[in-house]
Amino acid sequence: MTSAMAKTAMGLLLTLALVSCASVSVEDGTERVTQKMPEMIYVLDFSTAHSDFQVDRTGRELAEFKKNLQLMLKTAMAADLTDRLVPAAAVGKSKQSGLKNAWLVRGEFTTVEQGSRLLRSAVGFGVGGSKVETRVEVYDLAQNPRTPFLTFSTTGGSGSEPGAILALSADPLQIAIGGVTGAAHGLSEDTKRTAREITAELSNYMYQRGWISEDQWIKPKHRRGNDMW
């Protein structure tokens, strides 16, 4: 590669770094008052019935892929909520019972894009990036189990890490099998980030009402239009 070509490639990669990100943010929906902080939060599978799945699977493999993604999100969310806010459990449709003072989190995947692991691994900085978008509904089972008191959306994806090319790896085998950092990111990381942002949004609701301290508050990444704040 000539010096001029190297400079051009580096300029492109730096530009991509500025316009891409590996994060998940929250988009506002609706919010109503509910009476008190829950003792328990139940998490249901997020629906995939009307989702736009752009992945390299069809038929039985796609159905299994969707089930695994549902399980990954609700399990990650229950663990994150338990660790950072209140006890939570990943449950089935008929399994949320017992406590009256409990919330239920459910929703749907709206977009799931697998992207290209090879491009993320070799180039990074958003090239071949993946994406997970969801709509979230939160219900107070004691107050109104049929109407959500809080709704919002999440959007984001992976891809800002430098890949093997930017890391100046001269070994083509290393690039092919996963690069330096790019292959570690993808839908699994997007799903974990989504779970964390859902936890943050519930934390924000609780903090605004004085139910938790500032030390417990997890500030969500809010997005309005093209701005994040």
For Gln35, the net charge from surrounding residues (Cβ-Cβ under 12 Å; K, R +1; D, E -1) works out to +3
Highest first, please rank the peptides 195-201, 101-107 by the mean number of other Cβ atoms sitting within 10 Å of their residues.
-> 195-201, 101-107
Taking H as built 1.01 Å from N, whose amide H comes closer than 5 Å to the amide H of Thr110, not counting residues under 5 places away?
-> Glu133, Thr134, Arg135
To the nearest 10 square angstrom, how much accessible area does Thr155 have with a 1.4 angstrom probe?
-> 20 Å²
Along Cα→Cβ, 7 Å out, is where each label goes; now give me the distance between the ones at Ser213 and Gln35 in nm to one decimal.
-> 2.8 nm
Output ordering of 216-222, 27-33 (per-residue mean of other Cβ within 10 Å, highest first) is 216-222, 27-33
In nm, give the distance between the simple-model label positions of Ser153 and Asn101, each being 7 Å from the Cα along the Cα-to-Cβ direction.
-> 3.5 nm
Given H placed 1.01 Å from N in the peptide plane, which residues other than close sequence neighbours of Glu27 have an amide H under 5 Å from its amide H?
-> Ser153, Thr154, Thr155, Arg223
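Based on the Kirkwood radius over alpha-carbon pairs, what value in µm²/s does the Stokes-Einstein equation return for the translational diffusion coefficient of the range 29-89 at 25 °C and 0.890 mPa s?
Calculated translational D: 178 µm²/s.
Quick one: which of 203-210, 49-56 comes out on top by average Cβ neighbours within 10 Å, and what's the full order, highest first? Display every interim value, and only then the final one.
Working: 203-210: 15.9, 49-56: 12.1.
Packing order, densest peptide first, comes out as 203-210, 49-56.
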Please give the FRET efficiency for His50 paired with Glu27, using the beta carbon to beta carbon distance and R0 = 22 Å, rounded to the nearest 0.05.
-> 0.75
Of the listed pairs Lys66/Lys93; Lys74/Lys131; Lys67/Lys219, which have alpha-carbon separations greater than 19 Å here?
-> Lys67/Lys219
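The values are calculated or read from the model by the stated rules, or taken from the named source; none is laboratory data. Please read all numbers here as calculations on a predicted model, not as lab measurements. Methodologically, a virtual Cβ is constructed for each residue, glycine included, from the backbone with ideal geometry; neighbour enumeration extends over all protein chains shown. Calculation scope for accessible area: heavy atoms of the full protein, side chains included, ligands and nucleic acids excluded. Shrake-Rupley method; radii C 1.70, N 1.55, O 1.52, S 1.80 Å.
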